[in-house]
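One structure is given below, encoded as structure tokens.
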Amino acid sequence: MIVSVLFGLLGLGHLVLAWIGLSGIRAGDGRMLMLPTVLCMALAYDNAVIAMGSTVGAGRLLETLSWPRFALHAVLTPLLVLWARAAVDHAGVPAARRTGVRVGAMVLTAALIAIGIWHGVLGLVLEPKWWAGTLRYGYTGGSVLGALPAIIAALVVLAAGLVLWRRRSYPVLAVAAATMTLVAGATPVVPVLGNAGELVLAAGLVSTGLWLRREFSDPAAANPLPRSGR
């Protein structure tokens, strides 16, 4: 029961972040807030389903409610690759505007979405899993391929965060992505820890979107940086 409440609180945290993102979008020039906001809504749903799983009980209803969790992850998570490139571009780092980087980001995103849909939607077989009094439907067995899109997307976001830290002295995204990457390995053993890491990453994405809107709302203001300096 206590752990179910924790998942509920994580879902509430994502809803708060989504509200902050929507407020930023309504304020104008919220392009970099759109994906983080939608992702927060999806993660709020994800945590809500887990929080109420033991109450609903194993069966067709909970299984049906669980399918969108995997479908949303399969599509939205790879889009962070495009978002990360756009964030660095929006901050005025010239390398992000190169044709090769743009095309590479699009190809990688398409490949990760294809893997996610093939493994996480078309080939999805769910089974009930109990952990610390919570009930969720999860993958039958395990697969490195299924986790690949999330791992690669997180590493790309981390790389973008490190670039922003080095070139714009903005550490928030790097710290958030590093936190998510560190706790990811513990997710199979302690699922709530992985979901908490997602909340930290989501907070970093929304904060970065707000920072970009505030500091670089005018694209012309994002001048290329000197070659010799930050």
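How many Å³ per residue does the convex hull of the Cα positions in region 153-222 occupy?
For region 153-222, the hull spanned by Cα atoms encloses 70 Å³ per residue.
Using helices alone, what [θ] at 222 nm do you get for the chain, with -39,500 (n - 2.57) per DSSP H run of 4 or more residues, divided over all residues and rounded to the nearest 500? Mind showing how you got there, number by number?
On the way: 9 runs with 161 residues, N = 230.
Calculated at 222 nm, the ellipticity per residue is -23500 deg cm²/dmol.
Test of understanding: what is the full-extension gain from residue 118 to residue 151, defined as 0.36 nm times their sequence separation minus their Cα-Cα distance?
10.2 nm
Let me check the size of region 22-142 from its C-alpha atoms; what are the radius of gyration and Dmax in Å?
So, for region 22-142, Rg and Dmax equal 17.7, 52 Å respectively.
When a/c reaches 1.5 or more, the comparison of a/b and b/c decides; with that in mind, is region 104-185 rounded, prolate or oblate per its Cα gyration tensor?
Because a/c hits 1.5 or more and a/b fails to exceed b/c, region 104-185 counts as oblate.
Enter the per residue convex hull volume of the chain, computed from alpha-carbon coordinates, in Å³ rounded to the nearest integer.
113
Pairs of alpha-carbon atoms within less than 8 angstrom and 6+ residues apart define the contacts here; what relative contact order does the chain have, in percent?
Here the relative contact order equals 25 percent.
When the chain is fully extended, how far beyond the present Cα-Cα distance does residue 165 get from residue 125, taking 0.36 nm per residue of separation?
10.3 nm
Can you list which of the DSSP-assigned H helices in the chain have a Cα extent of 24 Å or more along the long axis and an average Kyte-Doolittle score of at least 0.0?
Those that pass (Cα extent of 24 Å or more, hydropathy at least 0.0) are 2-26, 31-51, 60-76, 99-117, 144-168, 191-215.
Read-outs throughout are calculated quantities, based only on the coordinates presented, and are distinct from any laboratory measurement. These numbers come from a predicted model, not from an experiment.
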